[in-house]
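Everything below concerns the one structure shown next.
The values are calculated or read from the model by the stated rules, or taken from the named source; none is laboratory data. The shown structure was predicted, so the numbers you read here are calculated from the model rather than taken from an experiment. The protein model used for the area step is the full one, side chains on, heavy atoms only, and it has no ligands, DNA or RNA in it. Shrake-Rupley method; radii C 1.70, N 1.55, O 1.52, S 1.80 Å.
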Amino acid sequence: DTINPVESAIQVHDAYKAARFDASIVYHKGGHSVPLGRDDDSIRALNEVVDWIISIAKEKTARLKADT
């Protein structure tokens with residue numbers, strides 16, 4: 001990734017985690033952009049992103065239900 005090399009991505013990830021944010025790194029061949037190709041690597045990476053978003057939504061929904 002020419003925008004955010006792996007080493008920098010790891011540092012950003014670790015800083016977010018240290019601040020208690022939910023953060024994840026998804027490795028794929030497409031560089032910095034969201035993987036939209038039809039190759040196996042793009043599909044796998046996009047599925048990881050979608051799964052992460054769904055898990056965040058489920059956690060927030062559970063917290064909202066617990067608060068009511």
- Only one of the listed values, [x] 26, 18, 6; [y] 17, 15, 9; [z] 22, 11, 9, was derived from the coordinates as semi-axes √(5λ) of the Cα gyration tensor in Å; which label is it? [x]
- For the chain, the accessible surface attributable to carbon and sulfur atoms (probe 1.4 angstrom, ligands and nucleic acids excluded) amounts in percent to 59 percent
- Task: Give the angle, between 0 and 90 degrees and rounded to the nearest 10, that separates the Cα long axis of helix 40-67 from the longest principal axis of the Cα atoms of the chain.
- Result: 10 degrees
- Task: Using Cα pairs closer than 8 Å and at least 6 residues apart in sequence, work out the relative contact order for the chain, in percent.
- Result: 22 percent
